[in-house]
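The values are calculated or read from the model by the stated rules, or taken from the named source; none is laboratory data. Remember, predicted model here, so these are calculated numbers, not experimental data. Note that each Cβ is placed from the backbone with ideal geometry, even for glycine, and that neighbours are counted across all protein chains shown.
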Amino acid sequence: MNINQVPAKSILSKSAIFDYVINPYIGCQHSCAYCYARFMKRFTGHKEAWGEFIDVKMNAPLLLEKEIKRKSPGRVWLSGFCDPYQPVEEKYGLTRACLEILVHYKWAVTVQTKSVLVLRDMALFKGNKKIEVGMSVTTSDEGVRQLFEPGAASIEARIGALEVLHSAGIRTFAMIAPLLPGGQGLAGELKGKVDYVFVDRMNYHYADCIYRENGLFAELSDKFFVSAGKRLAADFERQGTECTVLF
Ligand code: SF4
């Protein structure tokens, strides 16, 4: 693993999904096979495989402290092109330092992760109605999780973290995205642990060889996504959880 400390030029960027996005790191130790963020390699000149390098933006909190005073308040997404709670965050604490600033200035934040390290910062989220915390939960099959998301937490650990956060009164959500093989039955496991759910299909081809090599190609078909999406929507509706299917 190649970990570099780098200076960033800016940190509070415009986002197409939310008002702003903060990426404290470039690269992601979770190494998801389908990850769209690997395009960042082109902009940074990294030759290592995705998941084998991390650039740590050491000046992220300093930049945020300056930029937040110049920009109109809006919702900030943590993060877009990396997991804000990947293992390196335990040492550098940039996500936490940025969150402390956002909370101080009373900005709204949407945290999205696949890591239980997010629980470390529960005290920052508790009682703050402007903060929501989501987990990507893509399958209930741990074997499938290991194939596609080798560096991320187990599905059981992610759902457990959602339960802890939700029980503490924190607004929580699940991103069933991309919907992987074995994800069609997730409604029951998420029951009572999330306020809302998004479901999306696989939109990238980076992981096609994993589907092929493991005889999973049927779960990459329109037929699978349509039927699994319908089942999830119906199951969540039955249990009273808001569910948006994005395809
Ligand atoms: S956790 Fe997100 S950013 Fe990190 S490798 Fe997986 S998909 Fe990419």
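Could you list, in sequence order, all residues of the stretch 16-55 that are over 27 Å from L147 (Cα atoms) and surrounded by 16 or more Cβ atoms within 10 Å (Cβ to Cβ)? Within the stretch 16-55, F18, D19, Y20, V21, I22 meet the criteria. Could you check G127 against (1) within 15 Å of the ligand (Cβ to nearest atom); (2) at positive phi and say which number it fails? Failing condition for G127: (1). None of A233, A187 is within 15 Å of S140 (Cα to Cα) and either in contact (Cβ under 8 Å) with a residue 12 or more places away in the chain or not in a helix (DSSP H, G or I) (or both) except A187.
Being of a type in the set (A, V, I, L, M, F, W, C), closer than 22 Å to L232 by Cα and not assigned by TED's automatic domain parsing to the domain that holds I54 narrows it down to one residue among A187, A207, A168, A153; which is it? Walk me through how you get there before you give the answer.
Numbers: A207 fails: closer than 22 Å to L232 by Cα; A168 fails: closer than 22 Å to L232 by Cα; A153 fails: closer than 22 Å to L232 by Cα.
The match here is A187.
L62: surrounded by 13 or more Cβ atoms within 10 Å (Cβ to Cβ) and under 19 Å from K130 (Cβ atoms), yes or no? Answer is no for this residue.
Screening G27, G51, G80 for residues that are touching a residue at least 40 places away in the same chain (Cβ under 8 Å) and under 26 Å from V197 (Cβ atoms) leaves exactly one candidate, G80. The single condition among (1) under 22 Å from L124 (Cα atoms); (2) surrounded by fewer than 18 Cβ atoms within 10 Å (Cβ to Cβ); (3) not hydroxyl-bearing (S, T, Y) that D83 does not satisfy is (2). Taking the listed residues R231, R212, R158, the one that is among the basic types (K, R) and either within 16 Å of the chain's Cα centre (by Cα) or on the phi > 0 side of the Ramachandran plot (or both) is R158, with no other qualifying. When the stretch 98-144 is limited to residues that are crowded, with 16+ Cβ neighbours inside 10 Å and of a type in the set (G, A, S), the one that is nearest to A168 (Cα to Cα) turns out to be G134. Screening the stretch 83-114 for residues that are free of Cβ contacts under 8 Å to residues at least 40 places away in the same chain and acidic (D, E) and picking the one that is farthest from the ligand (Cβ to nearest atom) gives E100.
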